[in-house]
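The values are calculated or read from the model by the stated rules, or taken from the named source; none is laboratory data. The structure presented is a predicted model; accordingly, all values stated were derived computationally and were not measured. In this analysis, Cβ positions are derived from the backbone assuming ideal geometry, glycine residues included, and neighbour counts consider all displayed protein chains.
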Amino acid sequence: MPQIGRVSLCVSALLTFSLIAAADSTQPQLPTPPHVQTFAEHLSSWLDSFWNLSIFHLMSSPDSAPEAPSSLPVPLIATAPIPPCPVALLAPITDPKALSFEENYRNGETVDVSGMLPAAARSLARFEKTVDSVGGEISLKSGYRPPAYQAHLKDVWDKWQVLRDNALPQCENLRAQVEQEFTGHHLLLSQTPVSVSDHTRGLAFDASVVVPPGARLQRRRVNLDSLARLSGFLRPAVFADPVHFKFVGFRRRG
C-alpha cells in the first residue's frame, strides 16, 4: 500500500477514536480500572508522538511556521561619489614679494605706498592733508602692487565671476575662500584687474574719499576731483572705478 494511503487510514482511525472519546465524555464518569487507565496513558503518549511526525509538519500551513533567521548578508545600496568642484583652485602664490603682500593682507595691512614712485608718494601725502583741511575723510584701500600679486588679484576676480552664483555643495569651501579675498582686496565687479596696471608701475592708489558739500579751499569751492588735480592725481575711470587715482604730475600754469 502506498505511504500516503497508510497515513490516510491512520488519520481516519484517529478521528474515529476521537469522536468516540468525545461521545463518552458526555456520559457519567465511572472509576477507570487500572489496566484501562494504563492503556489510555499509553495511547495518549502514542498520539503525541504520531502528531509530531514530520509528515504533519509538512502538511501544516507555512504561515504558522516560525521564520528562521537569515544568515545572508544584507546588500548595501551603492551611492555615487560626489564629483569634485568643476572650478579650479586659486593658483598658488610663489613670488617672494607677492607672498609678503599676501601675508600683510592677512594681517590687515592691505596698503603699501613704499613701492610707489617717490613723486607719487609725496603727492599722495599732500592729497591726504588737503582732504583733511577741508573737513573730508580719506581711507586708502590699495597702493603699490608687485606684478605677481596683481596676477593673483586677477585670478581672484576671474574665479569670483564663476563662483558668486554657484550653489554646488562641493564648491562651497572654494566659494567662501574666493569671496573673502574678493571683498578683502576691495575688488569691484565692474573693474577687471589687468596684468600690468598703474599700481604695478607705482603710479596709483585706491581710496574711498568723502569731501563735504560746499567745501572751500582758500575761499574757493572745491570737490573731490578738483582737490585730486591740485595734488597731481586724476580719476581716469570715474564711473567704472571711482576709487582709482592715477598720478599725472603737476601741470604748469601758462
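What residue, among those in the range 103-121 that are loosely packed, with under 15 Cβ neighbours inside 10 Å and either in contact with a helix residue (DSSP H, G or I) (Cβ under 9 Å, 6 or more places away or on another chain) or of a type in the set (Gly, Ala, Ser) (or both), is nearest to Tyr144 (Cα to Cα)?
Only one residue fits best here, namely Ser114.
One residue stands out in the range 122-135 among those that are of a type in the set (A, V, I, L, M) and surrounded by fewer than 18 Cβ atoms within 10 Å (Cβ to Cβ): the one that is nearest to Asn223 (Cα to Cα), namely Val134.
For the range 194-247, residues that are hydroxyl-bearing (Ser, Thr, Tyr) and either touching an Asp or Glu at 6+ places or on another chain (Cβ under 8 Å) or not in a loop (DSSP other than H, G, I, E, B) (or both) total 2. Pairs only if they're at least six apart or on different chains, beta carbon under 8 angstrom, first in the range 104-121 and without any contact (Cβ under 8 Å) to a residue 60 or more places away in the chain, second assigned to a helix (DSSP H, G or I); list them, first residue then second. Pairs that qualify, where the first residue is without any contact (Cβ under 8 Å) to a residue 60 or more places away in the chain and the partner is assigned to a helix (DSSP H, G or I), are Asp112/Phe101; Asp112/Asn104; Ser114/Ala121.
Condition check ((1) surrounded by fewer than 18 Cβ atoms within 10 Å (Cβ to Cβ); (2) of a type in the set (A, V, I, L, M); (3) modelled with pLDDT of 95 or more; (4) within 38 Å of the chain's Cα centre (by Cα)) across all residues:
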{"position": "Glu137", "(1), (2), (3), (4)": "yes, no, yes, no"}
{"position": "Tyr149", "(1), (2), (3), (4)": "no, no, no, yes"}
{"position": "Glu181", "(1), (2), (3), (4)": "no, no, no, yes"}
{"position": "Leu217", "(1), (2), (3), (4)": "yes, yes, no, no"}
{"position": "Phe239", "(1), (2), (3), (4)": "yes, no, no, yes"}
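Looking at Lys154, Lys141, Lys129 in this structure, which one is part of a helix (DSSP H, G or I) and closer than 25 Å to Leu99 by Cα? Selected residue: Lys154, the only one of Lys154, Lys141, Lys129 that is part of a helix (DSSP H, G or I) and closer than 25 Å to Leu99 by Cα. In the set Ala121, Ala91, Ala80, only one residue is in a helix (DSSP H, G or I) and among the aliphatic types (A, V, I, L, M); that residue is Ala121.
Against the list (1) out of contact with any strand residue (DSSP E or B) (no Cβ under 6 Å at 6 or more places or on another chain); (2) of a type in the set (D, E, K, R); (3) surrounded by 15 or more Cβ atoms within 10 Å (Cβ to Cβ), the condition Asp206 fails is (1). Taking first residues from the range 232-245 that are under 14 Å from Leu140 (Cα atoms) and partners that are acidic (Asp, Glu), the Cβ contacts under 7 Å between residues at least 6 apart in sequence or on separate chains come to Val243/Asp206; His244/Asp206.
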